[in-house]
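Visitor: First, the structure itself, so that you have it in front of you.
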Amino acid sequence: MQPVIEVSNLRKRYGSTLAVDDISLTVQPGEIFGILGPNGAGKSTAVETIVGLRQPDAGVVRVLGMDPQREHERLVQRIGIQLQHAALPDRLAVWEALDLFASFYARTTPWQPLLEAWGLAEKRNTLFANLSGGQKQRLFIALALVNDPEVVFLDELTTGLDPQARRATWDLVKRIRSQGKTVILVTHFMDEAQFLCDRLAIIDAGRVIALDTPANLVRGLDGGSRVIFAANGATPLQALQALPGVSQVERSQGDVIVSGHGDNFVGDVVALLVASGAPFQNLRTEQADLEDVFMARTGRRLRD
Ligand code: ADP
């Protein structure tokens, strides 16, 4: 199958900041492909360059077989973009926004069904300023779909939403894929990437540090898990760190988090704690996730 997106050795610099440093990836038709990484990693710059809004300093980009610089006008007809810092005039009504966006495209889908699909039918005449955060996000998705695009780019879609609105938005993203469209999802939320993405590239400091399915990335940690407990200063951190199978010991808000892997990992940690006599409470284990993948590759937490 011809990839929907092919990026090779992409570089983009702002003055002395190398925002995108040699990124290569391909996206297949019908995938939800994630670009996951901390703030400032270069995700937005990469996507803005891929869609042709920024000119690359080096590298080759093809989207639906087209060069996003030279064939920008043709390409924008076939893609949908919801950008991170999207905004609309406060006094624009929902229907006016859809009407305006539809006027940019040669081919459009009727927007009344779009409003219904995205739960905005009753907000047809509401001004942008009077929409809730979740409604604004749904409007931006509807606007990105008004030309019935083959590929949809969604950048930090759920930032600022409450947990319920985030979950509802995740279902909407899955619905876009079920319509046969390819989705590029930019996010700094590990749980969002894990839940939604078929494959993802983890980006840090402008580079791809891992690229695979979420399950394969976590499996690559060799069955890793975490032991977490509440503790005071008496915990023998150095002895824990020295145990075989332990990869990382850290303190976080009154908890100690011990990361590691292997059949004896959890038992060894608990045995050492008991033998040391140091008090601990509320001990629990968690399976490794993308946060641990990021930690294993960079030595830092994604959420820092
Ligand atoms: P992300 O989307 O992962 O948060 P960005 O692509 O926005 O990352 O930013 C990558 C780096 O480029 C950051 O260091 C950021 O400060 C810098 N940057 C982003 N946009 C600009 C710009 N227009 N001019 C100068 N530097 C920028």
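Residues are listed down the side, and each one gets a yes or a no for (1) in contact with a His (Cβ under 9 Å, 6 or more places away or on another chain); (2) within 16 Å of the ligand (Cβ to nearest atom):
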site	(1), (2)
Gly37	yes, yes
Lys43	yes, yes
Gly52	yes, yes
Pro56	no, yes
Leu64	no, no
Glu73	no, no
Asp90	no, no
Thr109	no, no
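Visitor: Does Val60 qualify as being in a strand (DSSP E or B), among the hydrophobic types (A, V, I, L, M, F, W, C) and more than 16 Å from the ligand (Cβ to nearest atom)?
Guide: So Val60 fits the description; yes.
Visitor: Which of the residues that make up the stretch 30-55 are open to solvent by less than 40 Å² (accessible area, probe 1.4 Å), in contact (Cβ under 8 Å) with a residue 40 or more places away in the chain and of a type outside the set (Val, Ile, Thr)?
Guide: Gly30, Glu31, Phe33, Gly34, Leu36, Gly37, Pro38, Ala41, Gly42, Lys43, Ser44, Ala46
Visitor: Output the number of residues of the stretch 157-212 satisfying the condition of being in a strand (DSSP E or B), closer than 25 Å to Ala87 by Cα and either within 16 Å of the ligand (Cβ to nearest atom) or open to solvent by 40 Å² or more (accessible area, probe 1.4 Å) (or both).
Guide: Adding up the residues that qualify gives 4.
Visitor: Return yes or no: is Pro68 buried (at least 16 other Cβ atoms within 10 Å of the Cβ), away from the ligand (no atom under 16 Å from the Cβ) and assigned to a loop (DSSP other than H, G, I, E, B)?
Guide: Considered against the rule, which asks whether it is buried (at least 16 other Cβ atoms within 10 Å of the Cβ), away from the ligand (no atom under 16 Å from the Cβ) and assigned to a loop (DSSP other than H, G, I, E, B), Pro68 comes out as yes.
Visitor: Mind checking whether some residue in the stretch 107-119 is surrounded by 20 or more Cβ atoms within 10 Å (Cβ to Cβ), among the aliphatic types (A, V, I, L, M) and more than 24 Å from Gln194 (Cα to Cα)?
Guide: yes
Visitor: Additional query: Does at least one position in the stretch 215-223 carry a residue that is of a type in the set (A, V, I, L, M, F, W, C), within 20 Å of Gln281 (Cβ to Cβ) and out of contact with any Asp or Glu (no Cβ under 9 Å at 6 or more places or on another chain)?
Guide: The answer is no; no qualifying residue exists.
Visitor: What number of residues within the stretch 77-105 satisfy the criterion of being in contact (Cβ under 8 Å) with a residue 40 or more places away in the chain and out of contact with any Ser or Thr (no Cβ under 6 Å at 6 or more places or on another chain)?
Guide: Adding up the residues that qualify gives 14.
Visitor: Go through the stretch 83-142 and give me each residue that's basic (Lys, Arg) and within 24 Å of the chain's Cα centre (by Cα).
Guide: Correct list: Lys136, Arg138.
Visitor: Would you tally the residues in the stretch 14-29 being near the ligand (Cβ under 9 Å from one of its atoms), part of a strand (DSSP E or B) and either open to solvent by 50 Å² or more (accessible area, probe 1.4 Å) or farther than 12 Å from Ala58 by Cα (or both)?
Guide: Matching residues across the stretch 14-29 total 4.
Visitor: I'm checking my understanding of the structure. Among residues of the stretch 146-198 that are closer than 17 Å to Lys136 by Cα and among the charged types (D, E, K, R), which one is modelled with the lowest pLDDT?
Guide: Asp162
Visitor: Go through (1) more than 25 Å from Ile209 (Cβ to Cβ); (2) within 13 Å of the ligand (Cβ to nearest atom) for Asp99 and report which single condition fails.
Guide: Asp99 satisfies all of (1) more than 25 Å from Ile209 (Cβ to Cβ); (2) within 13 Å of the ligand (Cβ to nearest atom) except (2).
Visitor: Name every residue in the stretch 133-156 that is part of a helix (DSSP H, G or I) and closer than 21 Å to Arg78 by Cβ, in order of residue number.
Guide: Phe140, Ile141, Ala142, Leu143, Ala144
The values are calculated or read from the model by the stated rules, or taken from the named source; none is laboratory data. The structure displayed is predicted, hence computed values, not measured ones. Please note: Cβ atoms are built from the backbone with ideal geometry, for glycine as well, and neighbour counts cover all protein chains shown. Surface areas here come from the heavy atoms of the whole protein model, side chains and all, with no ligands, DNA or RNA. Shrake-Rupley method; radii C 1.70, N 1.55, O 1.52, S 1.80 Å.
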